[in-house]
Structures are given as structure tokens and as C-alpha cells.
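Novice: Shown below is the structure under consideration.
The values are calculated or read from the model by the stated rules, or taken from the named source; none is laboratory data. Nothing here was measured: the structure is a model prediction, and the numbers come from that model. Cβ coordinates were reconstructed from backbone atoms using ideal geometry, including for glycine residues, and neighbour counts include every protein chain displayed.
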Amino acid sequence: MSEKPAIEVKDLKVHFATRAGTSVRAVDGIDLVIPNGSFHGIVGESGCGKTTLARTIVGLQKETAGQVVIGGRDRAEWMKSDRKSFSRKVQFVFQDPLGSMSRRQNIYQTLEEPLLIHGFGSAEKRRNRIQELLDLVALSSTVLDRLPRSLSGGQRQRVSIARALALNPSILVCDEPLSALDVSIRAQIVNLFTSLQKRLGLTIVIVAHDLAVVREVCSDVTVMYLGRVAEEGITRPLFREPAHPYSQALLSAVPSANPLIETTRKRIILPGDPPSPSNPPSGCRFHTRCPVAFEKCGAEVPSLREAPHGGKAACHLATSNKRPIVD
Amino acid sequence: MTSKLKQIKDWPWLVLSPVVIFVLIGIFAPWIMQYNPAAQNYDATLQGPSWQHWFGTDYLGRDIFSRIVGGARISLVAMAIVLVAALAIGVTIGSFAGYVGGRVELVLISVIDIALALPSLVIALALIGILGTGYWSMITALTLAWWANYARMSRAVVTAELQQPYIEAARVMGASHIWIFVRHILPHVLGLVVVYASADAGALVLAIATLSFLGLGVAPPTPEWGQMLVDGMSYIEEYPRLVILPGMALTLVVVSFNLLGEAFALQKVPRPVRGGLLRKRRRARAEEEQARQAAERKAASA
């Protein structure tokens, strides 16, 4: 059996029309392949389109052009013909767990809802399934009759993960699931994600801006800049020697727990703000802020090419054995 | 003084009781009435209160107590029909507009705004002019005059709720539009609209009485408070109770419905947790803590 990748994104474009008649190109031509069973991180600064990408993958956002293929099946067509079976395949974890649950429903009702929508067995079976889910995310059953707002942030995010898992999806897309949590809780939820992935064999896509977390848990990572993929590859080598100047700047902001590294860590400060996604620069989108840019960068769009770390980088200066160094 | 007032506010039953009495009287009117409210008795016209006639009789010798009780029934039934119909129409149109959005919403909002721009009694009068007078044309006219407010409120609630991320969450779970509407949005709409309707019920009773007073609603022999006011008007100097008694019944009902609406609205305002609820929460938290500690001990000993 030839394994189809869990998620394939083909030249995806998502543009939003603005009142002025222009359009914001939140996602502007992304190709991405996420194999089954991987733990994929999507990183980038605010406004680079990572959340839009995640929402488009699960169908909360319509694509302007391009295609999302889930398990070998076109997502748009799948959702049109059978929304329910699609939602049993792919689930989404929201950034704000409180907002993503009805404030009128207690936790039992919240967890029961997906089971009811999909006609999952009798009341007895549903109760057992809910207990199973609670065990899965390590919550005590005393939360069941509480309302979402009376739970702590960590408990809420556990509930929303449990709800996403209720239908036994094989793909879990998470939109900044950690950013609403404080640091100590964050670690618990991160551990929960890794253990869930091991136990259930999930494919997890996680949008994050906490790079330290991505470095710890993700097997692969995609770095986005202004609606495009800047660099992608296996997490460890990519973090060790990022090939794209933007990734280098981004990763230089991550503090290290190792004092030997931390004391000598140099931050690369990029000049200026990211350009507006409604009027992106020509050529390489990063050339306006890139410390190593040259003439070609403003004229020609760099394609994703082999980088020394084994992944790919969209930089004219990167080759399979050479990478630009920014310092 | 203020603390006493606050205590009264904490007892919704006190506010509720006039409404409950009104509804009970309305339902059991046939058993409460001592006389046929339409029966005339020319041997006993314009009598004062007595054991035979608790509130006396009017110029046709009809028993005023029975007429007020019978009037309560007429008002209650008419009000209930109008409210249910207006709510059904208003919530349906408003929710539809809010949920579908776009051009449909724009057109429906314009219709609602036009309906709201005209005073409801004026609409009712115009419609009665077209439909002719009578009980059912009064009901129809009032319904058509009353739905717009509910439609506008429903639309506002639906629009606000649709923005909430949990609606998206339900979509991701595979919920259909109908599921989302019935399970998530409708409860919010009804929660607001019913509160408003409970306060509106008084205004409606008044409108029914007004139309009857003008001779456009309930036709004569049927007992109705607005009718009784007209009948009593010519005797207001010698026999003021002919006007005062139905007027008081009307006032009481309107005021108590307003209070009821206010009590409902106050229930929605978040209040500090105290008393039983607080104890319950403390207990739940303590139990949770104990369970956690037990689990830890178990883990430590293992």
C-alpha cells in the first residue's frame, strides 16, 4: 500500500479583499507535504499567514487558489460531499479554548456534542467514551458538570483537545494551542501532545510562535514569512544551521537553557517592520530586510531549493552544501 | 430601608404573584364568576358593593366582579395568542436574517426598520381599518404590529453569537447549520426575547384594552376591561367605581408584568456567589483536592 501523505498543500493562495479594493495575501503560494505520523510545526512572526494556513487546511477558510489534499482526497470536494466523514478525519484545536466552547454547556455537554452530531451510539456508550477521553487528557471526572469559565486555562485546553479527539481523527491541526497558557501549564500541554501522538499515532500540525517548544516536540518544521514558505526541514538540523537568513534571525531570538550557548548567543535584529501583505515586495519577499540581500533578490523569486540541513530553503544564496551566514 | 428593598428584589415570587394571580384568574374564570358577565338585570342596576355583588353592578345590572374576572380571561388569551404569534414570526424572520446575512439580511432589516418606524398602535389601527373590527382582526393587527421588535432583537443576538469561535468549533466537528442554530443560537435568542416579552405582555394587555376602548377590538356583550371603561365613562361622576375597578385591574396587570420583566432582567445580571451555591462550589473544590492528593499518595507509594 502506497502511503499517501496526511496533508498535501499545493500552491495554496488565500487572499482577503479589503475595502480599498486591494487584497491581503495572507497565504500566497504555499506547497507543503506533511507525511503521516509526523509532528509538524509551522512558525513565523505574527501576520505571516500561519493561522490562515491552518484554518484553510481544516476548511474553516476557503482557498482563493490551489488545493489542499487530505489523505489523498481533495479537501474542498470532500467537505462538499461528506462533511461529517471529513470531520472524523481532521480536527482542529483553537487558540482560545474558552471561546471555542459554548458558555452555556457544561463540560459533559461540550464533550458529548461531537458524539451526538455523529450519532455515536447510546447514552451509555457516549458516557464511556467521554470517560475514555478524560483519561486520555488526564482530567478528573469532577470537571464534567462545570462550565468552561470555571476551569483553569490548562483544564480548558485539555477539554478542547479531548473534544477534538472525540471522533478519533487521524490528523489534528492546532492553531497556537499554547499561546493562551502560562509557561508551566504550557509544558504540561506540550507533553500531552507528544504522548497523545505516540499513543494514538496522530499526525499533528501545530502553529506556534514559541520556537523553544517547536524545537522540543516537532519532528519537522516549516518557517513562514509573509505568506510564503521560507524554509522547511527536519527540526533538529534546521534549528542547528538554518539556511534562510530570516530563519537565522528568528531562531537567534530563542534563548537557550545552556549557559555556554546563552552567554555567547547573538541576536540578529532585523531592520524595519515586515512589509504589508497586501503589497508584498518583488522578488524574494525578505529582501527589504535581509542583511545579505543582493540585486538578484529584488528581481527574482527564489524557489525552494536543497539546503545543507537536508531540508529546503527559499534563498538564492543557499545550496545543498552552502548557506548564507548572517551575523 | 434599602436593605429591605433589596430583599424584596431577591424574592422573585413576590413580583411573580400578581402575574400568577392574573393567569390563574384568567384560566379559572368560568368557576370564579358568580354571574354570567353578560347577563343583564334591570332590577339591580348601578348597585353598590354587597354580598350579592361584591363590586356592585353597572348600568345594565351586570355583576362587575364577574365582568372583571371574565375580562381577565379575554385579555390573557388574546395577549398569549398575540405574544406567541409575534414571537414566532419575529424570531423566525430575525434569526433567518442574522444567520443568512448578505443581501437577504439587508432586505429583511429594511422591512423590520419600516415596521419599527411606525408606532405599533398606529399599525394596528390601520390594519383594523382594512380587516374590519372584531376579535380576530384585533389579534392579527396586534401580531403584525408587534413582531418587528422581536425580529430586530433576534437578529442582533444571532449576529453576535455567530462571531463566537465556538460556532466555528461546531462547524469543524461537522455540525450542520440547523444543528448550530437550534442547539447554540436559538437558546440565546429565546433567552433575551422571552425576557423582553414578559415585560411586553403588560403593554400588550394595555393595547388590547385601548383598542376595545376605541370600539375596535372586543365587541360589546363580551366582558373586556377597555369596554368596561367606556361603559362606565358616562357615570364617572356619580359612580366612579365603574371606571376605577377595571382601571385598577388593568394597572395592576401592566405594572406586575413590567416588574416581572425587570426581575428576569436582573436575574441575568451576574451576582456575587454566596450562600448555598458558594458552599456547593467549596465542597466540590475540596473533593477535587482530596481526589488529587489521594492520587498523588497512590503514585508515591507505587
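Novice: Of the residues B:123, B:109, B:128, which is at pLDDT 90 or above, in a helix (DSSP H, G or I) and in contact with a helix residue (DSSP H, G or I) (Cβ under 7 Å, 6 or more places away or on another chain)?
Specialist: B:109 is the lone residue from the list that is at pLDDT 90 or above, in a helix (DSSP H, G or I) and in contact with a helix residue (DSSP H, G or I) (Cβ under 7 Å, 6 or more places away or on another chain).
Novice: So if I check each of A:150, A:160, A:170, which one is facing chain B (nearest Cβ under 9 Å), among the hydroxyl-bearing types (Ser, Thr, Tyr) and under 28 Å from residue A:38 (Cα atoms)?
Specialist: Result: A:160 is the single residue among A:150, A:160, A:170 that is facing chain B (nearest Cβ under 9 Å), among the hydroxyl-bearing types (Ser, Thr, Tyr) and under 28 Å from residue A:38 (Cα atoms).
Novice: Residue check: is residue A:293 surrounded by 18 or more Cβ atoms within 10 Å (Cβ to Cβ) and either at pLDDT 85 or above or under 14 Å from residue A:223 (Cβ atoms) (or both)?
Specialist: In short, no.
Novice: Return the residue satisfying two criteria in turn: it lies in the stretch A:9-45 and is under 13 Å from the mean Cα position of the chain (by Cα) and of a type in the set (Gly, Ala, Ser), and of such residues it is nearest to residue A:216 (Cα to Cα).
Specialist: My answer is A:41.
Novice: How about the stretch A:48-98: which helices (runs of 4 or more DSSP H) wholly inside it have at least 1 residues that are small (Gly, Ala, Ser) and at the interface with another protein chain (Cβ under 9 Å from one of its Cβ atoms)?
Specialist: A:83-89
Novice: Okay, moving on. Is at least one residue of the stretch B:131-140 within 30 Å of residue A:160 (Cα to Cα), surrounded by 18 or more Cβ atoms within 10 Å (Cβ to Cβ) and away from every other protein chain (no Cβ under 14 Å)?
Specialist: no
Novice: While we're on this one: Please determine whether any residue of the stretch A:34-43 is assigned to a loop (DSSP other than H, G, I, E, B), crowded, with 16+ Cβ neighbours inside 10 Å and in contact (Cβ under 8 Å) with a residue 60 or more places away in the chain.
Specialist: For the stretch A:34-43, residues assigned to a loop (DSSP other than H, G, I, E, B), crowded, with 16+ Cβ neighbours inside 10 Å and in contact (Cβ under 8 Å) with a residue 60 or more places away in the chain: present.
Novice: If a residue must be in contact (Cβ under 8 Å) with a residue 24 or more places away in the chain, within 11 Å of another protein chain (Cβ to nearest Cβ) and more than 12 Å from residue A:159 (Cα to Cα), how many such residues does the stretch A:106-129 contain?
Specialist: Residues flagged as in contact (Cβ under 8 Å) with a residue 24 or more places away in the chain, within 11 Å of another protein chain (Cβ to nearest Cβ) and more than 12 Å from residue A:159 (Cα to Cα) within the stretch A:106-129 amount to 5.
Novice: Looking only at the stretch B:142-180, count how many residues are surrounded by fewer than 20 Cβ atoms within 10 Å (Cβ to Cβ), within 14 Å of chain A (Cβ to nearest Cβ) and hydrophobic (A, V, I, L, M, F, W, C).
Specialist: Qualifying residue count, the stretch B:142-180: 5.
Novice: Still on this structure, please answer the following. Can you name the number of the only condition in (1) away from chain B (no Cβ under 14 Å); (2) of a type in the set (Gly, Ala, Ser); (3) in contact (Cβ under 8 Å) with a residue 24 or more places away in the chain that residue A:17 fails?
Specialist: Condition not satisfied by residue A:17: (3).
Novice: Determine, yes or no, whether residue A:146 is in a helix (DSSP H, G or I) and touching a residue at least 12 places away in the same chain (Cβ under 8 Å).
Specialist: no
Novice: Testing residue A:112 on (1) over 25 Å from the mean Cα position of the chain (by Cα); (2) in a helix (DSSP H, G or I); (3) surrounded by fewer than 21 Cβ atoms within 10 Å (Cβ to Cβ), one condition comes back false. Which one is that?
Specialist: Answer for residue A:112: the failing condition is (3).
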